[in-house]
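Okay, so here's the structure we're looking at.
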Amino acid sequence: MALNREPSMALNVSGLSKQYPGVRALNDVSFTVEPGTVLAVVGENGAGKSTLMKSIAGAERASAGQIEVFGTSLIAGNPRSASDAGVAMIYQELTIVPELSAQENVYLGHVPSLFGIVRKQQLRRNYTAVAERVGSEIRADTRAGGLSTANQQLLEIMRAIAHGRRLVIMDEPTASLGPEDIERLHNVIRDLRAKGCSVLYVSHDLDAVLDVSDEVMVLREGTVVARATSAEWTKKALVTAMLGHAPATAPTGGNRTNMEPTVVRLDNVSAPGVEMKSLAIRSGEVVGIAGLVGSGRTRLLRAIAGAEPVLTGSMQLDGKEVRWPASPALAWSAGIALAPEDRKHQGLVLDRAASWNIALGGFQLARRGGRITAGLLKRWADPIARRVAFAPNRLSALAGTLSGGNQQKLLLGRLFSRPLRLMLLDEPTRGMDIGAKSEVFAAMRSSAAEGRAVLWSSSEIQEVLDHSDRVIVCRAGKVVAELPRGATVHDVLAQSFGTTELATATASSHASSSLHIQENQQ
Amino acid sequence: MSTLTTTPQPLAAAFAPPLRRALSEYGVVLALIVLVIIVAVLQPAFLSAGNVSNVLAQWAPVGIMGIGMTYVVLTGGFDLSMAATYALAAVVAATLGQTMSPLAAFLGAIVVAGLVGLLNGLIVTFLRVNPFIATLGSSLIITGVALLLTGNRPIQVVFEPFTVLGRGSLAGIPLSALLMIVLFILGGLILAFTSYGHNIYAVGGNREAARLSGIRADWVVASAYLVAGICAGVAGTITASRLSSAQAGLSGQLVFDVLTVVIVGGTTLAGGKGSMWRTAVGVAILATLQNGFNLLDIDAYYQNIIKGVIIIAALTSVDWSRFSRPRKASSSKSTQSSISTDTL
């Protein structure tokens, strides 16, 4: 063995740690991947999966530790060194150039040419060879933009193969694929494996994980907590390992009686990627939406806010049947408004003052003496800013210069400044520290206490449970369950993954704060 | 992670020295003052009442169209068809002026132009056609209609009151110039102080945020084209009145002058940033330049060259501050971009 200098491991990670300010994302992680195997990595949001994968791909610089790929030591935080050693990372957001052909995409930046002239035959021959290797039937000159997501993903894999990469990292590859496409993807992965490539497969989709991987490794709080062959795992065991132990909710906030009148009632809601039988929210009630990334939480909220067209759906506001809002403007005038998830792109005009952004959409409210001026806007916004704990002396600052927490407060302020019945908040705590979060929760509660209904979502399940009176769970675009106060993360995950037997198996609960880790958005 | 690296740009702008900020904000005003002084020193007749009122009257059509174009550009759009609408309005005014009272003819022309503008707006919003393409196409259509209406013959109006708008004056100030000034003030007040005006800025600044905040974004955008159409109608009417005739091929490169006054003033083509006083300053700069050239007897061909240079200079000056900034950020920027390109 020692005579043969061929390294025995495709990937050898030893003692990898990554420290962010205040958070230890990775803590002394060591593991190896053999050539020709598929290792799945699972864990809760914020367990450190993304950081680990990005460190291997060189997109993150680890604080300590060593990474070897096929015997080559990587330079930390250097993507070039990783790719030269054979690492290819396929992100959830694909990097296909839609207007180019399939073959040009596979050889993007490396099209064979002679004196700057593309050698078409050579390109075609190379492409065909790669296509055969992965069993692809995509025609060389098809426009890539016209391909399905699954086929675009396949092009990415082919690109990795074409560049001689032997360690392919896939981040949530099944997130936007249907069952047949997942099966095809898995066949490609098995082919790759048979040809000596190794695959790191990161996914929330436990069925897919157990289907394709040779081994599964579980990360929790930046540490490898378990690793075993796929045959030894069950979905239930995986969830338990991801959580460590069954956590309980820590009930806080108001004790809602069922005597309050219903503010909003939604029935038979359907839209592309949204399906909900029925939901009624009472005055003063805060209802949370839980679900994995891509489970349709945002779409549901947007559909209710009139931002996406619905196919069917009926709505009652304060007991009266109303037309489903066909636009955000109609929703606002009916008393329904959404604070969108993507604050920068969907919520704010970044080069405008904070006060102006609070007034956005309702400028007439700040009008005095027939005019709206910067001074009037500031004076008008002052009490609103105080309500949402936004420092009034920063009302003149441009929205783009504010922190994420303060930007979120501007959106909350906008909702508070107008007479609403139903407040919809999509990921209002995303990217915030604990302090800002608690201010958002307080504002949410006080708004409900004034008789509004609140529907909100977060990707941190524990957080949703802690700050809602009830929780609905989305899975693959459907609202699959409604859980009462006191439900556990385990219950939510069981519904999220569709393993209902878990719900009863973990009825016994222990308090845990393990899921309070700040989530890393990919 | 991604949140750490997003907004160095506005932060840097916030710390820019006050002088530099004032200069980038009001530099156009300074440029206008310098220009006026130069021309006035070289040719004192420039500031004579007769010359000033002449220049104002001459630039009234372009200035009035600049008002409408400012609205459209602030929404992040573009109206190439204004010149064609202007010519159509002139032709309609002259045609109606044959039989109707001048007032009715003028109003009729403005209504037609407004409808054309609204149609542009609906094409841009509800049919989701790129504004450049939409108004390029409608420009051809409008010109075609005007040619069909007239057979490309000039239409004369031989009725003295018809010329009052274009040639008349009040207290020594030409009526057309007065109208331009009034419309500038009106257009500016609406933009700066009404919720409609702020909605214009909102849709130009971030269309999706505006929409989700409850603004009827499509209608706000469409309305800007309506304003542009009305302005082109008023401008066309003034010209028809002044010439007491109109012709379908009247407009020439007028639309570029209109766009130039908006851009030179500092309203950005990306939308959401700018104001009406800027367009007024833009008109003043262009008018001073052109009149100065004429007074100083500079070849007309040079005028085009200099106008072109000014447009480009006006657009580049917006970004100068970025280049003059110390290059501290460049190293981190390069590593960041290599992440996205090199990992695959």
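From the list B:T125, B:T143, exactly one residue is over 16 Å from the mean Cα position of the chain (by Cα), crowded, with 19+ Cβ neighbours inside 10 Å, away from chain A (no Cβ under 14 Å) and among the polar types (S, T, N, Q). Which is it? Outline the logic, then answer.
Values: B:T125 fails: away from chain A (no Cβ under 14 Å).
Answer to the check: B:T143.
Looking at this structure, is A:V287 surrounded by fewer than 21 Cβ atoms within 10 Å (Cβ to Cβ) and either closer than 18 Å to A:D426 by Cβ or not basic (K, R) (or both)?
Considered against the rule, which asks whether it is surrounded by fewer than 21 Cβ atoms within 10 Å (Cβ to Cβ) and either closer than 18 Å to A:D426 by Cβ or not basic (K, R) (or both), A:V287 comes out as no.
Take segment A:79-105 and flag every residue that is among the β-branched types (V, I, T) and within 9 Å of chain B (Cβ to nearest Cβ). Walk me through how you get there before you give the answer.
Looking only at segment A:79-105, we keep the residues that are among the β-branched types (V, I, T), and these are A:87, A:90, A:95-97.
Result: A:V87, A:I90, A:T95.
Which residues, counting only those in segment B:139-154, are in contact with a Leu (Cβ under 9 Å, 6 or more places away or on another chain) and either β-branched (V, I, T) or not in a helix (DSSP H, G or I) (or both)? Before you say what the answer is, go through the steps one by one.
Initial filter on segment B:139-154 (in contact with a Leu (Cβ under 9 Å, 6 or more places away or on another chain)): B:139, B:142-143, B:145-146, B:149, B:154.
Those that are in contact with a Leu (Cβ under 9 Å, 6 or more places away or on another chain) and either β-branched (V, I, T) or not in a helix (DSSP H, G or I) (or both): B:I142, B:T143, B:V145, B:P154.
Quick one: would you say A:L192 is at pLDDT 90 or above, touching a helix residue (DSSP H, G or I) at 6+ places or on another chain (Cβ under 9 Å), crowded, with 16+ Cβ neighbours inside 10 Å and under 17 Å from A:L39 (Cα atoms)?
On the way: at pLDDT 90 or above: no; touching a helix residue (DSSP H, G or I) at 6+ places or on another chain (Cβ under 9 Å): yes; crowded, with 16+ Cβ neighbours inside 10 Å: yes; under 17 Å from A:L39 (Cα atoms): yes.
Against the criterion (at pLDDT 90 or above, touching a helix residue (DSSP H, G or I) at 6+ places or on another chain (Cβ under 9 Å), crowded, with 16+ Cβ neighbours inside 10 Å and under 17 Å from A:L39 (Cα atoms)), A:L192 does not qualify.
Among the numbered criteria (1) among the small types (G, A, S); (2) within 14 Å of another protein chain (Cβ to nearest Cβ); (3) assigned to a loop (DSSP other than H, G, I, E, B), which one does A:G196 miss?
The one condition A:G196 does not meet is (2).
Can you tell me which residue among A:T32, A:T51 is within 14 Å of chain B (Cβ to nearest Cβ), out of contact with any helix residue (DSSP H, G or I) (no Cβ under 9 Å at 6 or more places or on another chain) and either over 25 Å from A:N187 (Cα atoms) or outside any helix (DSSP H, G or I) (or both)? Step through it out loud before you land on a result.
On the way: A:T32 fails: within 14 Å of chain B (Cβ to nearest Cβ).
The conditions single out A:T51.
Among the residues of segment B:147-159, is any modelled with pLDDT under 90 and aromatic (F, W, Y)?
yes
Condition check: over 20 Å from A:L238 (Cβ atoms), modelled with pLDDT of 90 or more and in a strand (DSSP E or B). Does A:L39 satisfy that? Spell out how you get there, then give the answer.
Details: over 20 Å from A:L238 (Cβ atoms): no; modelled with pLDDT of 90 or more: yes; in a strand (DSSP E or B): yes.
Spelling it out, it is not the case that A:L39 is over 20 Å from A:L238 (Cβ atoms), modelled with pLDDT of 90 or more and in a strand (DSSP E or B).
Pull up segment A:346-366, narrow it to residues that are farther than 20 Å from A:D426 by Cβ and facing another protein chain (nearest Cβ under 8 Å), then point me to the one that is surrounded by the most Cβ atoms within 10 Å (Cβ to Cβ). If you could, list the steps in order and put the result at the bottom.
Here is the first cut: in segment A:346-366, the ones farther than 20 Å from A:D426 by Cβ are A:351-356, A:359, A:363-366.
Applying the additional criterion that residues be facing another protein chain (nearest Cβ under 8 Å) yields A:351-352, A:356, A:359, A:363-364.
On the way: A:D351: 16, A:R352: 23, A:W356: 26, A:A359: 31, A:F363: 23, A:Q364: 13.
Taking the candidates together, the pick is A:A359.
Go over the candidates A:D211, A:D191 one by one and state the one that is over 26 Å from A:R124 (Cβ atoms) and part of a helix (DSSP H, G or I).
Numbers: A:D191 fails: over 26 Å from A:R124 (Cβ atoms).
Within the list A:D211, A:D191, the selection yields A:D211.
Within segment A:303-345, take every residue that is surrounded by 22 or more Cβ atoms within 10 Å (Cβ to Cβ) and part of a helix (DSSP H, G or I) and give me the one that is nearest to the other protein chains (Cβ to nearest Cβ).
So, considering only residues that are surrounded by 22 or more Cβ atoms within 10 Å (Cβ to Cβ) and part of a helix (DSSP H, G or I), the one nearest to the other protein chains (Cβ to nearest Cβ) is A:W332.
Tell me yes or no: at least one residue of segment B:216-232 is buried (at least 22 other Cβ atoms within 10 Å of the Cβ) and closer than 18 Å to A:L377 by Cα.
No, there is no match, as no residue in segment B:216-232 is buried (at least 22 other Cβ atoms within 10 Å of the Cβ) and closer than 18 Å to A:L377 by Cα.
Taking helices (runs of 4 or more DSSP H) that fall entirely within segment B:155-236, which contain at least 1 residues that are away from every other protein chain (no Cβ under 14 Å)? Break it down stepwise before answering.
On the way: elements: B:164-167, B:175-193, B:195-205, B:207-212.
Answer list for segment B:155-236: B:164-167, B:175-193.
For segment A:69-78, does any single residue satisfy the condition of being more than 10 Å from chain B (Cβ to nearest Cβ) and in a helix (DSSP H, G or I)? Give the steps one after another, and end with the answer.
At the first step, the residues of segment A:69-78 found to be more than 10 Å from chain B (Cβ to nearest Cβ) are A:69-76.
With in a helix (DSSP H, G or I) added as a condition, the list becomes none.
No: zero hits.
Any residue in segment A:456-475 that is without any contact (Cβ under 8 Å) to a residue 60 or more places away in the chain and closer than 17 Å to A:L424 by Cα sitting within a Cβ distance under 7 Å of a residue that is buried (at least 23 other Cβ atoms within 10 Å of the Cβ) and among the polar types (S, T, N, Q)? List the pairs, counting only those 6 or more apart or interchain.
That search, which allows pairs on different chains as well, returns A:E463/A:T429.
Cβ-Cβ distance below 7 Å, separation of 6 or more or different chains: which pairs start in segment A:394-405 with a residue that is facing chain B (nearest Cβ under 9 Å) and of a type in the set (S, T, Y) and end on one that is part of a helix (DSSP H, G or I) and buried (at least 16 other Cβ atoms within 10 Å of the Cβ)?
A:T401/B:P10
Which one of these does A:G413 not meet: (1) surrounded by fewer than 19 Cβ atoms within 10 Å (Cβ to Cβ); (2) within 13 Å of chain B (Cβ to nearest Cβ)?
Every condition holds for A:G413 apart from (1).
The values are calculated or read from the model by the stated rules, or taken from the named source; none is laboratory data. All of these numbers come straight from a predicted model, not from anything done at the bench. No Cβ is skipped: glycine too gets one built from the backbone with ideal geometry, and neighbour counts run over all protein chains shown.
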